[in-house]
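Notes to accompany the following structure.
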Amino acid sequence: MSAPTGITRVTLLKDLRLEWRSKDAINSMLFFSLLVVIVFSFSFDPSAEESRQIAGGLVWVAFLFAAVVALNQTWAREIRNQVLDAYRVSPAPANSLFIAKVLGNFIFVSVLEALMTPLFIMFYRLRALGPAWQLALVAVLGTWALVVNGTFFAAMSLRTRSREIMLPLLLFPISIPALLAMVQATTAILGGEGARFWIMLLATYDLVFTTVCLLLFETVLNAE
Amino acid sequence: MSCESCISDWILLKKAFPILGVLTAILLAYAFYQALWVAPTEQTMGSVQRIFYYHVPSAIIGFMLFFINFGASIFYLIKRNPAADMVALVTAEVGVVFLTVNLVTGPIWARPVWGIWWTWDMRLTSTLVLWLIYVSYLFLRRFSSSGETPLLAAALAVLGALCVPFVYFSIWFFRTQHPQPVMGGGGSIDPRMLHVLLINWLAFSCFAFLVCWARYRLEQLQREVDAAYAMESLRDPRRST
Amino acid sequence: MISANPYLFAAYAATWIIHIGYLMTIVRRYARLKREIEEMRKAGVRP
């Protein structure tokens, strides 16, 4: 079992190194995250009591936008350099590549979330009245849900016209149950309740969709 | 394109389809009459409740078609059978049409009964999400420039179908936390109403079958024409498509 | 017996408009395809 995990590790490290080296991409994504939070603050007045009640939803919509931009961006680089064809002819199992890509995207999106969260907390004066550790769990599970489907659909969108719009078109409907769970869980925890049901739903969703995406990725990768 | 298949095809089409079409039209007319005249008037809602006889069968048939789409997509993923792919495409399209009917009649019913056009109630919301998933499937079909579109579409269909239980569970729990009036009423149904409902469901099912058949035939023809063009441009590159 | 309820009428009408609309798209595409096949036959292409 060392070969697939080795490939995963190598691919992941390569992606991370590339991201780190191409500071342009990171800088623009950072600035984008800041912009999103500020635009949201102007659109949904943080001082209003209602806004704090919907803050859970606002945060996740912001994360969703960031994830879509990040996902579109990571595959774009692959296409430019015809990396995908190299993947296809390499003996590496498609699963390893998929996991590497998902992990890379997960790290990337998590970094963006980690940057946006303090801003949201500051602007909206958020405070977790419920178990705060559950928030971390929701963040991890929720981000994984978006990223695993997003990476899969991004690969699918590669061979479509209007590639950039195709990703959200495919991702959003299928992510709705997960989105509902993320938002409701965050709102509940911020409001002082636990979110056990939603966390379990997210965990199950992650399990099912990760498995199926792994099973189907080889098919999608090899589709000419 | 073999001649034997197109002749037997032609016979089947020319003979069976119009007969079934007429029978279905009669059945639909009968169901229409039943819904508007024979079915008893509901106590609280009045005649508006009769929308029920069109609203509910549309949903049931839409879900049935999506289930067939799921089966056909899995079959395609395993066997790469082109007929399975066409069945998947056809059932998705016709399913979307039926769900559109459901989503349009829903608000028209809600407005006089509840005073609002839309309520994020369990059934309407789930139907909407399902509709979104299959519309995105149709978009993938339309926008994909890959030669392996059927494969990608089949993968998407499987993911979409797997999403369905999550859609139901998440919205169900959401609704138990934020209760709202349930559209279409819960509880038991008058057996006479059930009878009319079943008749309409049967009539629309036959209608759906015929529409799928026609769409399937159209798709078949389209692919034969595309294949002929492809062959032609291979044989004679000077011919432009 | 139904009372003339505009919403009821609207719902039933909407249903049939949607169904007939979809059927029309099938019929139109079919007619166009038939025309294409005719042109192909005339151009000597064997469909």
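No value in this document is a laboratory result; all are computed from the given coordinates. Treat the numbers as computed from the prediction; the structure is a model and nothing was measured. Neighbour counts are summed over all protein chains in view; Cβ atoms, including those assigned to glycine, are modelled from backbone coordinates with ideal geometry.
Mind ordering B:141-147, B:106-112, B:44-50 by average Cβ neighbours within 10 Å, highest first? The partial results should precede the final answer.
Working: B:141-147: 15.3, B:106-112: 20.6, B:44-50: 18.1.
Ranking the peptides B:141-147, B:106-112, B:44-50 by packing returns B:106-112, B:44-50, B:141-147.
Remark: spin-label model distance B:L194-A:S90 equals 6.1 nm, labels positioned 7 Å along the Cα→Cβ axis. Inter-label distance, C:Y30 to C:W16: 2.0 nm, where each label sits 7 Å from its Cα along the C-beta direction. Structural descriptor for chain B: relative contact order 29 percent, calculated from alpha carbon pairs under 8 angstrom and at least 6 residues apart.
Starting from the coordinates of the alpha-carbon atoms of the protein assembly as shown, obtain the Kirkwood hydrodynamic radius over all distinct pairs and give the value in Å to one decimal. Can you show the working numbers first?
Numbers: mean 1/r = 0.0389 Å⁻¹.
After inverting the mean inverse Cα-Cα distance, the result is 25.7 Å.
Shape class of chain B from the alpha-carbon gyration tensor: oblate, with a/c at 1.5 or above and b/c at least as large as a/b.
Let a ≥ b ≥ c be the square roots of the eigenvalues of the Cα gyration tensor of the stretch B:48-140; is it rounded (a/c under 1.5), or, if not, prolate (a/b larger than b/c) or oblate?
Numbers: a/c = 3.38, a/b = 2.55, b/c = 1.33.
Since a/c reaches 1.5 and a/b is larger than b/c, the shape of the stretch B:48-140 is classed as prolate.
For the residues of A:173-185, the average number of beta carbons from a partner chain within 10 Å of their own beta carbon is 6. Given a Förster distance of 51 angstrom, what is the FRET efficiency for B:L20 paired with A:Q53, based on the Cβ-Cβ distance and rounded to 0.05? Efficiency at R0 = 51 Å is approximately 0.35.
Can you sort A:E49, B:E42, C:E38, B:E232 from fewest to most other Cβ atoms within 10 Å of each residue's own Cβ?
Result, fewest neighbours first: A:E49, C:E38, B:E42, B:E232.
Peptide B:221-228 has a mean shielding of 4, counted as Cβ atoms of other protein chains within 10 Å of each residue's Cβ. Summary of the geometry: the stretch A:173-218 and the stretch B:56-99, compared by the centres of their Cα atoms, lie 27 Å apart. Our note on the geometry: Cα centres of the stretch A:49-70 and the stretch C:4-35, 40 Å apart.
Divide by every residue of chain B the summed helix terms, -39500 (n - 2.57) for each DSSP H run of at least 4, and state the resulting mean residue ellipticity at 222 nm, rounded to the nearest 500 deg cm²/dmol.
Values: 6 runs with 188 residues, N = 241.
The helix contribution divided over chain B gives -28500 deg cm²/dmol.
Remark: mean inter-chain Cβ contacts per residue of B:162-172 equal 6, using a 10 Å Cβ-Cβ cutoff to other protein chain atoms. Protection proxy ranking of C:16-25, B:213-222, by the mean of other Cβ atoms within 10 Å over each peptide's residues and highest first, is B:213-222, C:16-25.
Quick check: from the Cα gyration tensor, does the stretch A:2-222 come out rounded (a/c under 1.5), prolate or oblate? Prolate shape, in that a/c is at least 1.5 and a/b is the bigger ratio.
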